[in-house]
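The values are calculated or read from the model by the stated rules, or taken from the named source; none is laboratory data. None of the values given here were measured: they were computed from a predicted structure. Note that we place each Cβ from the backbone using ideal geometry, even for glycine, and neighbour counts take in every protein chain shown. We work out accessible area using only protein heavy atoms, side chains counted, and drop any ligands, DNA or RNA first. Shrake-Rupley method; radii C 1.70, N 1.55, O 1.52, S 1.80 Å.
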Amino acid sequence: MRNLARCVFHEPMTFPISKLPNTGTSIFTHMSRLAAQHQAINLSQGFPDFDGSPRLISLVEYHMRAGRNQYAPMAGVEVLRKQISGKVETTMGVSYDPETEITVTSGATQALFTVMAALIHPGDEVILFEPAYDAYAPTVRIFGGVPKPVTLLAPDFTVDWEAVKRLVTTRTRLMVINSPNNPTARVMTDADYRELARVIRGTDCYVLSDEVYEHMVYDGAQHRSAAHYAELRERAFVVASFGKLYHTTGWKVGYCLAPVELMAEFRKVHQFNVFSVNTPVQYALADFLDTPEAYLTLHEFFQHKRDFLLQALAATPFDPLPCQGTYFLLADYSAISDLPERVFCERLAERHGVATIPVAAFYSRPTNQRLVRICFAKREETLEKAAERLLRVNDA
């Protein structure tokens, strides 16, 4: 037996200084937990309540049983990268080399994280347009960067590009754009992209273009990408998501496009982050991309759901804002209450059985525009039932 008398017991270790001291549980987790506690209809977190294609699911099983269950190549299986290259060339009219300019990632968020890890050094500044996806700013801080928010406000969330230009300094390393945008449902215009190019011309600023909702643009409009503009493309990382494309958010597979020099830096980080992505799912996605109708009709599928929700909300006190893209819609509740957005959303879930997201959660500074974000990637019976409950909301 060991001589316990010789053992030295130390005081419990304390955790070192946190890199994210002001970051707690995300608003999405909080609202989904409230929804479960109060049996509320969950229109908060951005995922469908229906399955993807049965054929796609069968293809995953097929490749599992065919023995494709070991590590995939670091950049992604070759056949999938070639299929992505073909899809991008067909739908966007631009060419990316599958060997050197395309990397398959463990979801879009991992791609965003990897871009920032590859680019940001301590003290570098990163321009973010708020309201913004909540992963952006914490990731910037993890790598010692400094978020520089540009505040956009309802109802149109337009960008003052002269104000953006005044934020650009010699320390500006990255500008993050998201179109179609979560949470605003706004789509960047040709004029926006040309202004962006003008603002960063002659600087050392790169662009991270989050385009996970690229096939959800409505009312006859066309998605525009940073890749469409030669001046932007040479310094842009473009991120996309198969989870959004095929209603399979839990599979966590996406990809990143970038010129060869940028992608080389991306892969240096990627190889020591996740290294590779789910093998049978990659092969299944490669096969399924042979059916382009599945994503070419996605805008029609979700526009129908958007219009269904708009019609249902027309009889409620909620006032919807324009929705140009994504599967989110913002609604103004100022006719109902003056409560802060988070409090209103919590009470809406607790008392009326519908969970939504406060738009204030997407800002770094306190705001109260009396806006909630509603996810309409749901079955029509789910949306109809939620609208019936919202119809009875007179106060929170």
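Miscellaneous remarks
- Within the range 295-352, tally of residues that are touching a Cys at 6+ places or on another chain (Cβ under 9 Å) and at pLDDT below 95: 0
- Per this entry, THR169 is counted among residues that are more than 20 Å from TYR133 (Cα to Cα) and in contact (Cβ under 8 Å) with a residue 24 or more places away in the chain.
- If you go through the range 99-123 and keep only what is more than 25 Å from THR169 (Cβ to Cβ) and either open to solvent by 10 Å² or more (accessible area, probe 1.4 Å) or not in a helix (DSSP H, G or I) (or both), you end up with GLU99, THR100, GLU101, ILE102, THR103, VAL104, THR105, SER106, ALA108, THR109, GLN110.
- Residue match in the range 74-82 (condition: touching a strand residue (DSSP E or B) at 6+ places or on another chain (Cβ under 8 Å), on the phi > 0 side of the Ramachandran plot and open to solvent by less than 60 Å² (accessible area, probe 1.4 Å)): yes
- Whichever residue in the range 270-287 is open to solvent by less than 40 Å² (accessible area, probe 1.4 Å) and out of contact with any Lys or Arg (no Cβ under 7 Å at 6 or more places or on another chain) and, among such residues, is farthest from ILE57 (Cα to Cα): HIS270
- Taken over the range 293-323, the criterion of being closer than 22 Å to VAL88 by Cβ and crowded, with 17+ Cβ neighbours inside 10 Å is satisfied by ALA294, TYR295, LEU298, HIS299, PHE302.
- Number of residues in the range 371-396 that are surrounded by fewer than 15 Cβ atoms within 10 Å (Cβ to Cβ), over 21 Å from ALA335 (Cβ atoms) and of a type in the set (Lys, Arg): the value is 1.
- 3 or more residues of a type in the set (Gly, Ala, Ser), within 30 Å of MET74 (Cβ to Cβ) and in contact with a strand residue (DSSP E or B) (Cβ under 6 Å, 6 or more places away or on another chain): qualifying helices (runs of 4 or more DSSP H) within the range 268-372: none
- Selection from the range 373-396 of residues that are touching a helix residue (DSSP H, G or I) at 6+ places or on another chain (Cβ under 6 Å) and not in a helix (DSSP H, G or I): ARG373, PHE376, VAL393, ALA396
- Unique match (being closer than 26 Å to ALA264 by Cβ and out of contact with any Ser or Thr (no Cβ under 9 Å at 6 or more places or on another chain)) among VAL207, VAL164, VAL212: VAL207
- Of the residues in the range 33-52, not one is of a type in the set (Val, Ile, Thr), surrounded by fewer than 11 Cβ atoms within 10 Å (Cβ to Cβ) and more than 18 Å from the chain's Cα centre (by Cα).
- All positions within the range 334-352 that are open to solvent by less than 10 Å² (accessible area, probe 1.4 Å) and more than 22 Å from the chain's Cα centre (by Cα): PHE344, LEU348, ALA349
- Restricting the range 243-262 to residues that are closer than 13 Å to VAL277 by Cβ and touching a Lys or Arg at 6+ places or on another chain (Cβ under 9 Å), the residue that is surrounded by the fewest Cβ atoms within 10 Å (Cβ to Cβ): GLY243
- Taken over the range 300-332, the residue count meeting the criterion of being without any contact (Cβ under 8 Å) to a residue 60 or more places away in the chain, within 22 Å of ARG392 (Cβ to Cβ) and within 25 Å of the chain's Cα centre (by Cα) is 4.
- Residue among ASP160, ASP204, ASP190 that is more than 22 Å from PHE47 (Cα to Cα), open to solvent by less than 60 Å² (accessible area, probe 1.4 Å), acidic (Asp, Glu) and free of Cβ contacts under 8 Å to residues at least 60 places away in the same chain: ASP190
- Enumerated strands (runs of 3 or more DSSP E) restricted to the range 164-257, each holding at least 1 residues that are of a type in the set (Phe, Trp, Tyr) and in contact with a helix residue (DSSP H, G or I) (Cβ under 8 Å, 6 or more places away or on another chain): 206-210, 236-241, 254-257
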